[in-house]
Amino acid sequence: MPWQPLQLFLQSLEGKLEGKVALITGGASGIGECTAKLFSKHGAKVVIADIQDEQGHSVVNSIGLSNSTFIHCNVTNEDHVKNAEDKAVSTYGKLNIMFNNAGTTDGPKPRIIDNEKWI
Ligand SMILES: NC(=O)c1ccc[n+]([C@@H]2O[C@H](COP(=O)([O-])OP(=O)(O)OC[C@H]3O[C@@H](n4cnc5c(N)ncnc54)[C@H](O)[C@@H]3O)[C@@H](O)[C@H]2O)c1
């Protein structure tokens, strides 16, 4: 029964994202890309905000241009983040969800104070 928790989680999403607009930073790859695809599958419009333009456009093409859009956004730049929010509202009329996912780390370390690279 290892799939049961995942199935219950997916069932709990049913209908909840229909018509919502989500801004996903770091949406061009990894967890952000998977989230963008999952949110879209459940009816959300997604704005993918990332520094990887080519990869971001590729994710939009795979989701579909009617349900997703890409904006170049470096989350360390406040103006970029504001532009991404504005893009969501100008494209889809509202912004319901922000997934603040973009980031990098310098690999797992047992002691948190040994980490040097953060966004
Ligand atoms: N994968 C893991 O096991 C894990 C564990 C703990 C935390 N996290 C965190 O979860 C988040 C996603 O992880 P992932 O494994 O999908 O990483 P990933 O490297 O696959 O994806 C990160 C995405 O963020 C984008 N990005 C990086 N810097 C950015 C910036 N300044 N502005 C905008 N976009 C930027 C990258 O281009 C990339 O598309 C990260 O914040 C990571 O630190 C991941």
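The values are calculated or read from the model by the stated rules, or taken from the named source; none is laboratory data. Being a predicted model, the structure only gives us computed values, none of them experimental. Because the Cβ atoms are built from the backbone with ideal geometry, glycine has one as well, and the counts that use them run over all protein chains shown. Note: areas computed on protein heavy atoms with side chains; ligands, DNA, RNA excluded. Shrake-Rupley method; radii C 1.70, N 1.55, O 1.52, S 1.80 Å.
Largest first, the residues His80, His72 sort by 1.4 Å accessible area into His72, His80. By the helix-only formula, in which each DSSP H run with n ≥ 4 contributes -39500 (n - 2.57) and the sum is divided by residues, the chain has a 222 nm mean residue ellipticity of -12500 deg cm²/dmol. Computed on protein heavy atoms with a 1.4 Å probe, the accessible areas place Phe39, Phe99, Phe9 in the order Phe9, Phe99, Phe39, largest first.
Of the residues Leu38, Ser90, Ile24, the one whose Cα sits farthest towards the positive end of the charge dipole of the chain is Leu38 (charges of +1 on Lys and Arg Cβ, -1 on Asp and Glu Cβ, taken about the Cα centre).
Residue-wise HN-Hα couplings along segment 25-37, as the Karplus relation 6.51 cos²θ - 1.76 cosθ + 1.60 with θ = phi - 60° gives them from phi, are 7, x, x, 7, 7, x, 4, x, 4, 4, 5, 4, 5 Hz; Gly and Pro carry x.
Once the trypsin sites (Lys or Arg not before Pro) in DSSP loops with at most 13 neighbouring Cβ atoms within 10 Å are cut out of the chain, the longest remaining piece is 17-93.
For the chain, which longest stretch is free of loop sites, where a loop site is one of the GluC sites (Glu not before Pro) that DSSP puts outside H, G, I, E and B and that has at most 14 other Cβ atoms within 10 Å?
After excluding every exposed loop site, the longest remaining stretch is 19-115.
Measuring max minus min along each principal axis, the C-alpha atoms of the chain give extents of 45, 42, 23 Å (largest first). Using C-alpha pairs below 8 Å separated by at least 6 residues, the relative contact order for segment 18-114 is 34 percent.
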